[in-house]
Amino acid sequence: MKKKILAVLLCLAMVMSVLAGCGKKEAGTSTSSNKSGGEVTESREFDITVWVANEIKELTEKQIKDFNETNTDGIKLNATVVPVSEADAATQMLTDVEAGADIFCFVQDQFARLVQGGALGRLGEQAAEFVKTNNSAGTVAAVTSGDAIYAYPMTSDNGYFCFYDKRVVSDEQIKTVEGIIEACKASGKTFCYDLENGFYDAGFYFGVGCDSTWVTDDDGEFISVNDTFNSDKGLIAAKGIYKIISSGVWNGSSEAEQFEASIPAAVVVTGPWKTEVAQSILGENLGSAKLPTYNIDGKDYQIGSFFGGKMMGVKPQADPAKGACLAKLAQYLTGEKCQVERFETAKFGPSNKVAAESDAVKADPGLTALAAQSDYAKAQCSVHGKWWDIAKAIATSIKDSNGTDAELQAINQAYFDAINAVFNVTQEEAEAFSVIGGMNGDGWATDIPMTAIAEAGDPVYYSEAIKFAAGDEFKIRQGGGWDNNYGADGVAGGDNVKVDAGTYTITFDSTTGMITVE
């Protein structure tokens with residue numbers, strides 16, 4: 001029944017919820033037609049809930065107040081603004097769409113499951129045109145499923161590049177992997193690159209011309225994948241990864257704090273979220289640059305990357321007037337003025353084309369390097385929830401190899417087999433729960449299966465006895481992917497569960513999300 005209700009709401013919202021506005025009408029009339037042909041009720045005052053990251057909560061409250069005071073349509077939205085991480089919003093929304101926020105922010109790789117789960121309504125013509133006209137092409141593609149647009153781009157700052165210590169690495173050395181390795185060996189410092197992470201290692205494959213594109217239908221369901229990592233070009237990419245991992249100066253971190261580690265970094269591959277940390281440590285000695293090239297068999301290859309951002313979604317509404325007013329607010333909050341304010345307050349990199357050209361944005365060292373790297377970046381559109389673990393295994397396997405062509409080809413073949421296997425998962429496998437964490441010493445690479453309690457209908461699952469070291473953390477996930485995962489306090493997508501050293505059995509109530517360590 002719940003799915004049927006959501007389907008009805010989605011259909012209503014596809015027609016009505018993102019109409020251009022709640023146009024003014026003469027007092028005493030009960031309805032009025034807007035430009036898209038929809039009817040809106042007389043009320044233009046609504047109570048709404050908005051989820052945003054904690055660092056922009058107060059700013060968002062101010063921006064909504066400004067919207068209420070300046071819009072010319074008589075709209076008043078009484079907003080309760082709740083701090084919810086963009087990384088957690090999708091999981092929390094899909095736990096109960098009807099109880100979720102009216103407007104929420106999310107990272108773009110969660111887009112497909114939000115469309116599929118009925119948490120995003122298809123934008124009307126005018127709202128879709130607003131998105132296409134005002135935002136960069138990559139971010140527009142990221143909110144598109146089939147031929148339809150379902151959300152509003154809010155940032156274009158989720159990518160990576162090099163921060164470096166200019167006292168150690170010259171402006172010439174930073175251009176190549178070979179130059180960076182030379183500088184690190186000469187100084188006794190490290191080259192930090194989180195290669196055992198699909199977000200980072202995929203860039204080597206994109207840089208040589210490989211592709212990995214997950215195809216969805218109009219409902220956000222994954223139906224196929226076009227992937228060419230397992231190819232002659234992919235072998236070159238694997239050799240590039242091996243060159244760094246086997247260099248003797250590699251550190252698998254992406255944290256700018258490594259610039260002041262006991263063995264400090266000379267170069268850290270990271271993103272704009274670490275700009276302030278890098279500046280605070282290196283000051284005037286901080287340099288930033290696009291990713292380097294690397295040389296294989298006498299030819300140079302540019303390292304590519306993922307590039308993406310954060311999006312703002314509007315939940316489908318039963319009341320078309322409320323839906324239209326929420327669309328008006330979403331356009332305001334993702335417009336040029338509000339994006340500039342978010343950059344000034346929290347350094348969120350704008351997706352709005354005009355805001356991105358401002359002098360302040362262009363002067364930011366992280367965003368400047370990100371812009372230089374964007375020429376070699378692939379838009380991070382929707383990917384299957386299992387892909388991240390499959391992709392990160394590439395570099396882990398390369399690390400454990402001797403770097404021979406045969407070994408690297410076998411690693412790419414194993415990757416190819418794994419991504420195609422996701423379309424052949426049994427229902428039992430898709431519904432299975434498991435424990436995953438740092439206790440195996442393999443970088444969160446191994447799931448420990450959980451078993452259902454024997455009684456029919458009992459929602460509790462339990463693990464075997466698991467040995468944890470001090471400081472180990474874990475989560476529960478379903479289906480071997482990250483689309484459905486549970487953490488501390490029973491929160492879907494919540495923080496990792498931290499435990500003291502010891503051997504414990506983990507139990508999980510799939511109804512409440514509660515995790516017990518005993």
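Bear in mind these aren't lab numbers, they're just calculated from the coordinates by the rules spelled out. Worth saying up front: this structure is predicted, and the values here are computed from it rather than measured. Every residue, glycine among them, receives a Cβ derived from its backbone with ideal geometry; neighbour counts consider all protein chains shown.
In whole percent, what relative contact order does region 167-278 give with Cα contacts below 8 Å and a gap of six or more residues? Provide the component values of the computation, followed by the final result.
Values: 152 pairs, mean separation 36.4, N = 112.
The value is 33 percent.
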Handout entry: Placed amide H near Trp482: partners under 5 Å, 5+ positions off or other chain
Key = Lys386
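Within the chain, what percent of beta bridges assigned by DSSP are antiparallel, to the nearest 5? Each step should come with its number before you reach the end.
On the way: 57 of 76 bridges.
In the chain, approximately 75 percent of DSSP beta bridges are antiparallel ones.
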Fill in the blank from the handout: Quick calc: nm separation of the 7 Å Cα→Cβ label points for Phe423 and Ala469 -> 4.1 nm
Handout entry: Distance (nanometres) between label positions extended 7 Å along Cα→Cβ at Ala99 and Arg167
Key = 5.4 nm
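Once you sort the root eigenvalues of the Cα gyration tensor of region 227-310 as a ≥ b ≥ c, which label holds: rounded (a/c under 1.5), prolate (a/b larger than b/c) or oblate (the other case)? Walk me through the intermediate numbers first.
Values: a/c = 2.37, a/b = 1.69, b/c = 1.40.
Since a/c reaches 1.5 and a/b is larger than b/c, the shape of region 227-310 is classed as prolate.
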Handout entry: Mean-position separation - Cα centroids, region 118-189 and region 282-316, in angstrom
Key = 7 Å
Practice task
Report, to the nearest 10°, how far helix 198-207 tilts away from the longest principal axis of the Cα atoms in the chain, using its own Cα long axis and a range of 0 to 90°.
Solution key: 80 degrees
Exercise for the section: Quick one: which residues, 5+ away or cross-chain, put their amide H under 5 Å from the amide H of Ala265? H built at 1.01 Å from N. Expected result: Thr190, Phe259, Glu260
Completion exercise
Amide H proximity to Ala79 below 5 Å, modelled H, separation 5+ or other chain, gives Ile48
Practice task
Would you mind checking the tilt of helix 125-134 against the longest principal axis of the Cα atoms of the chain, expressed as 0 to 90 degrees and rounded to 10?
Solution key: 40 degrees
Completion exercise
Computed for region 425-517: size of charge dipole around the Cα centre, +1 on C-beta of each Lys and Arg, -1 on C-beta of each Asp and Glu, debye to nearest 20, value 220 debye
Exercise for the section: Please report Rg over Rh for the chain, where both radii come from the alpha carbon positions and Rh follows the Kirkwood definition. Expected result: 0.98
Exercise for the section: List the lysines whose Cα lies under 23 Å from the Cα of Lys386, skipping any in the same chain that are fewer than 8 positions away. Expected result: Lys310, Lys378, Lys399, Lys475
Fill in the blank from the handout: Per residue, the convex hull enclosing the Cα atoms of region 425-517 spans a volume in Å³ of 92 Å³
Problem - Protection-proxy order for peptides 277-284, 441-448, each taking the mean of Cβ atoms within 10 Å per residue, highest first - result: 277-284, 441-448
Handout entry: Column: log10 I(q)/I(0), Debye, Cα scatterers of region 54-143, q = 0.13, 0.22, 0.23 Å⁻¹
Key = -0.55, -1.34, -1.35
Exercise for the section: Work out from phi, with θ = phi - 60° and the Karplus expression 6.51 cos²θ - 1.76 cosθ + 1.60, the ³J(HN,Hα) of each residue of region 182-194, listed in order in whole Hz, and give x for Gly and Pro. Expected result: 4, 5, 5, 5, 5, 9, x, 10, 10, 10, 8, 8, 7
Exercise for the section: Measure out, as a whole number of angstrom, how far apart the alpha-carbon centroids of region 224-242 and region 42-109 sit. Expected result: 41 Å
Fill in the blank from the handout: Under the Karplus relation with 6.51, -1.76 and 1.60 and θ = phi - 60°, whole-Hz ³J(HN,Hα) for region 221-238, x at Gly and Pro, equal 7, 6, 10, 6, 9, 9, 9, 10, 4, 8, 7, 4, 5, x, 5, 4, 4, 4
Exercise for the section: Starting at the first residue of region 418-428, write each ³J(HN,Hα) from the Karplus equation 6.51 cos²θ - 1.76 cosθ + 1.60 with θ = phi - 60°, in whole Hz, x for Gly and Pro. Expected result: 5, 6, 6, 5, 5, 8, 10, 7, 6, 4, 4
Practice task
Quickly estimate the mean residue ellipticity at 222 nm for the chain, helices only: each DSSP H run with n ≥ 4 gives -39500 (n - 2.57), and the total goes over all residues, rounded to 500.
Solution key: -10000 deg cm²/dmol
